[in-house]
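Peer 1: One structure, pasted below without further comment.
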Amino acid sequence: MFSRVPEKMSMILLLMILIFSGCSILYISFVTTNALKEQARADIRGFATFAASQIDGDTIATLEPGDEQSAEFLAMRDTLIRMKNAFPDVKNAYILRRQGSTVIFIVDDDYGLNPGAASIGQVYSSPTSEMLQGFSGPVVEQEFVTDQWGTTLSGYSPVRDRNGNVVGLVGVDIEKQVVINKQNVINWTSYMIVFLAILMAVFGVLGVEQVRSKLMKDLSDRESRFHALFEETYDAILILVDGSFTDCNSSAEKLLHGTKAEIQGKDLIHLAPDFQAGGRLSAEVIRDRLDRALSGNHQRFEYRCRTLDGEEFDAEVSLISIQIDGAVAVQAIVRDITEVKKAEEALRQSEEKYRILSEASPNAIYIINKDATVAYANNYALRMLRKSLTDVKGKRLMEVFPTDDAEMQIQIIVGVFQHGHDVRRDDRVTTVDGKEQWLSSIFTPLKDDAGRVTAVLCVSYDITERKAMEHQIAASLHEKEYLLKEIHHRVKNNLQVISSLLSMQADKATDRNVIDSLTDSQNRVKSIALVHEKLYQSKSLDQIEYGDYLNKIVMHLFDTYNVSQSKIACTVHAEDIFVDINQAVPCSLIINEMLTNTLKYAFPGGRNGQIAIDFSTDGKNYILKYHDNGIGVPEGVSFERTESLGMKLIYGLTMQLNGTVELKREEGTTFIVTFPRMQKPGE
């Protein structure tokens, strides 16, 4: 029996050892797992907080879908990549923004590098409560989160603009497997520690020390990476504890003209003049800002700073609360904006100089936006309108300067925005007291650095007296009408002689092509001669009644080509339409070419047909509609691609009239020519 006691005791002891070992393993596994999760959460929270402090919230607030290739977006993406590279465990780094009840991506560090990366405006489908809390303060997910980018442990920290307003958050992800692998390493290490502790306490202690050394090395590596980021940042970074600087980077030493030892122990109040630009005490400003930062509100503001050797400069300061060794501290990021301020002041002075020049001008000057609204008007223009700038700013130009041809003026402005060239135009306007006034205006494009037209500058000066003199001159020419009538009569006779010579030449020719060319030329001369004949017969020396002219040119061409109107019926509609001599000649040549083409080619084999000529006006434009129901113009023939002299003449003469021509091929051939009606003096 006694021989069995040691054996039983050994079994009991072994059982106790196994129970103790199992409990120890379970306890250590539980403790180390939680410790690892908390360590990972602390690492993620620290990285997210630091990353958020490096992000320019004002830039984040302006990024919109379509800006993925902008310099601001790429700079933000590269900042995330640079910070992520310092932490190999981090899988993803990104910036999100709240939009209503949804959360959208703004910057993904993989955008442009991996096809699955998120673009600006892409909605994050299932935001967690921790993610939404991240817009208020640093937070880490309680558990792993699974989405389309994998299963990760994620942390978030808010991004604020210069006024401290939250404009988004920075999110960082560590893959689940990375955390689990670390957990497994810790667990297996713990098992070995317990096992070896049972067998050999000394080796157990050494094993624990080895694990502790490894953890310390990991911590040291993390600190080294943080320090590298801390030192390589372009902006000056300083750490304040209880209001005094305890640490700073090399950029801070350069900015403040001192060493770290000289900066330590000082505070923002000592590095500033007594008063800020608005007259407020520097001490009062910085105490207020520090209190807000310590309460969790990110502060960004402009501050007048002073180096250690007394040199003052303008700075943008960012304050954010952080945790260092369990104590609350403030991280201050200081950026020198002296050159930016100088550029802003130079721009302000330049704008003031040009404003003074504009206001002193004896001409009306105003700036027009893309939507034809007035953005600015100088004093001369306002006096002419008897209105204030607030009365005209934002109003459409046609409401402010009513002209006889408002639509044309709008087209001119649109044209300046499109082609970017100066345009000059004269307009008759009605002033507020009901008087008529003539203005000569120059529309000049205003362009940005990229050459895009952003607005149109219009300079108008009064030419009412000049217009009155022109009207008097035009009236004085009335006495010379008799002489002009005689001139038109002689021109008509001379053209008739040319037509007869061409006819005689055609009678002697034997080549059919030569005969046709001479006949066509004779008809063209005849069409011009008829214009001068009508002018000679007209009471006015600058206009002809065009309906009668059209009937005569139709009769002449039907006789020339020996075509009976019983075979091809031609109807003309042009009652009481008068055309200026300068427009009548090219218009007549256009109609001559259309009729000639129809009579020669539209009705082969002697077939019957119809021709309709409609010439009308809407008061501003003449509209010529010519139609025949013949075989039509071939599909391959156009004004741009043709060997036909007639088609070239139609297009070229239309351009000479500043008009447009349209060719339709439905049910024969239709030409629609539209050109502006020439206004007589005084109209």
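Derivation of every value follows stated rules applied to the coordinates shown; laboratory data play no part. Predicted model, so just to flag it, every value in this text is computed and none were measured. We place every Cβ from the backbone using ideal geometry, glycine too, and count neighbours over all the protein chains shown.
Peer 1: Restricting things to alpha carbons, tell me how big segment 233-341 is in terms of Rg and Dmax, in Å.
Peer 2: 12.8, 39
Peer 1: Only sites in a loop by DSSP and with at most 16 other Cβ atoms within 10 Å count here; which trypsin sites (Lys or Arg not before Pro) in segment 588-633 make the cut?
Peer 2: Passing sites in segment 588-633 are ARG607, LYS620.
Peer 1: Taking segment 433-464, which trypsin sites (Lys or Arg not before Pro) meet the DSSP loop condition and have no more than 15 other C-beta atoms within 10 Å?
Peer 2: LYS435, ARG452
Peer 1: Please list 47-58, 458-469 highest first by mean number of surrounding beta-carbon atoms within 10 Å per residue.
Peer 2: Answer by packing, highest mean first, reads 47-58, 458-469.
Peer 1: Rank by packing, highest mean first: peptides 370-376, 154-160, with packing defined as the count of other Cβ atoms within 10 Å averaged across residues.
Peer 2: Numbers: 370-376: 16.0, 154-160: 26.9.
Output ranking for 370-376, 154-160: 154-160, 370-376.
Peer 1: For ALA612, project a label point 7 Å along Cα to C-beta. Then give me every residue of segment 547-577 with its amide nitrogen under 14 Å of that point.
Peer 2: 569-574
Peer 1: Of LYS552/LYS648; LYS393/LYS435; LYS387/LYS435; LYS266/LYS342, which ones are farther than 26 Å apart at the Cα?
Peer 2: LYS266/LYS342
Peer 1: Which one of LEU589, ASN562, GLN610 has its Cα pushed farthest toward the positive end of the charge dipole of segment 561-621, where Lys and Arg give +1 and Asp and Glu give -1 at the Cβ?
Peer 2: Highest projection toward the positive end goes to ASN562.
Peer 1: Using the crude model of +1 on Lys and Arg Cβ and -1 on Asp and Glu Cβ, and no other charge, please compute the dipole size for segment 361-462 relative to its Cα centre, in debye to 20.
Peer 2: Numbers: 13 positive and 14 negative charges, 57 e Å.
The calculation lands at about 280 debye.
Peer 1: Here's something else I'd like to know. Report the one residue of PHE301, LEU271, PHE313 whose Cα lies farthest in the direction of the positive end of the charge dipole of segment 233-341 (charges on C-beta: Lys and Arg +1, Asp and Glu -1; origin at the Cα centre).
Peer 2: PHE301
Peer 1: Using only the alpha-carbon atoms, what does segment 361-462 span along each of its principal axes? Please give whole angstrom values in decreasing order.
Peer 2: 43, 25, 23
Peer 1: Over the Cα atoms of segment 53-133, what radius of gyration and what Dmax do you get, in Å?
Peer 2: Looking at segment 53-133, its Cα Rg and Dmax stand at 12.4, 34 Å.
Peer 1: Over 24 Å between C-alpha atoms is what I'm after, so list which of LYS370/LYS625; LYS260/LYS341; LYS467/LYS620; LYS91/LYS182; LYS395/LYS447; LYS91/LYS254 land there.
Peer 2: Among LYS370/LYS625; LYS260/LYS341; LYS467/LYS620; LYS91/LYS182; LYS395/LYS447; LYS91/LYS254, the Cα-Cα distance tops 24 Å for LYS370/LYS625; LYS260/LYS341; LYS91/LYS254.
Peer 1: Kindly state, to the nearest 0.05, the FRET efficiency for LYS254 paired with SER361, given R0 = 35 Å and r defined as their beta-carbon distance.
Peer 2: Here the calculated transfer efficiency is 0.10.
Peer 1: Now for a different question. If the only charges are +1 at each Lys and Arg Cβ and -1 at each Asp and Glu Cβ, what is the size of the charge dipole of segment 555-610 around the Cα centre, to the nearest 20 debye?
Peer 2: So the magnitude is around 420 debye.
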